[in-house]
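The values are calculated or read from the model by the stated rules, or taken from the named source; none is laboratory data. The shown structure was predicted, so the numbers you read here are calculated from the model rather than taken from an experiment. Cβ placement follows ideal geometry from the backbone for every residue including glycine, while neighbour counts extend to all protein chains displayed. Accessible surface areas use protein heavy atoms only, side chains included; no ligands, DNA or RNA. Shrake-Rupley method; radii C 1.70, N 1.55, O 1.52, S 1.80 Å.
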Amino acid sequence: MGTRHATASDGGERREQLLDRAEQAFGEAGFAGARLQDIAARAGIRRPSLLHHFRDKPTLYAAVLVRIVDDLADRVEATAAHGGLVRMEAVVTVWVEFLLERPNAGRVLLRHLLDPLPLDGVASAIERLMRGVQDAIDEGARRGENKPHNAAELALVLASTSLVWVSSRAAVSSALGLDTLAPERVATHRHMLQQLARQLLGAVSMLR
């Protein structure tokens, strides 16, 4: 049998694996606390091999953040099949589902909000995400279902609430005996976010 040569697909899969491990590390320890050698070890490689894919830690961190925001933007754009306030409800739902699937991604976002770094590509990814949210708001306004509103302001209020909800799970569970990620708590949180979005938008009609 001939030797199998590496393909572009292999390289893409390896890159995604490295980003997965980096997302875990940055979510757990932050930019300063996460070490490249530890990230490499999680992926079963050495630090020089990691640097072959990402030239330094800021480059890796930026790639992690861009992937997180791009994934969110994809999900928000996919809600366009809905209309008006139903779409905003869908935006809230995909946001909560994203945090449940990738809690470390939520922690990375929260850390970036608290201590932002000038990173290549992150600003443009966030702009794309905000366009999707703004489209949902503007559609509802055109339908007369809500008032015009700034997407960044709305997103900041909703996102900060959820990011703390997810990221503080261990502390809240220890102090209050409340598991914020239990299914019934998640359902309550999603409903609260939908109602908060409705209030902020001055919604005319009720969300489901």
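Couple of notes before you dig in:
- For the chain, the solvent-accessible area with a 1.4 angstrom probe is 53 square angstrom per residue.
- Solvent-accessible area, 1.4 Å probe, carbon plus sulfur percent, for the chain: 55
- Modelled spin labels at Asp138 and Glu97, positioned 7 Å past Cα toward Cβ, are 2.5 nm from each other.
- The C-alpha atoms of segment 91-139 occupy a region whose extents along the principal axes are 33, 25, 15 Å, arranged from largest to smallest.
- When only Cα pairs below 8 angstrom with a gap of at least 6 residues are kept, segment 73-159 shows a relative contact order of 38 percent.
- Among the trypsin sites (Lys or Arg not before Pro) within segment 158-195, not one is in coil by DSSP while having at most 15 neighbouring Cβ atoms inside 10 Å.
- Computed extension length for Gln199-Leu113: 28.6 nm, one decimal, from 0.36 nm per residue of separation with the Cα-Cα distance subtracted.
- Alpha-carbon centroid distance for the pair segment 48-82 / segment 141-208, whole angstrom: 24
- Spacing of the two label points (7 Å from each Cα toward its C-beta) at His52 and His82, in nm: 4.4
- From largest to smallest, the equivalent ellipsoid semi-axes obtained for the chain from the alpha-carbon gyration tensor read 34, 21, 15 Å.
- GNM flexibility winner over the chain from Leu176, Leu100, Leu85 (Cα, springs under 10 Å): Leu176
- Calculated FRET efficiency for the pair Asp120/Glu28, C-beta based, R₀ 30 Å, to 0.05: 0.80
- Cα-based helix-to-principal-axis angle, 122-142 vs the chain, degrees rounded to 10: 20
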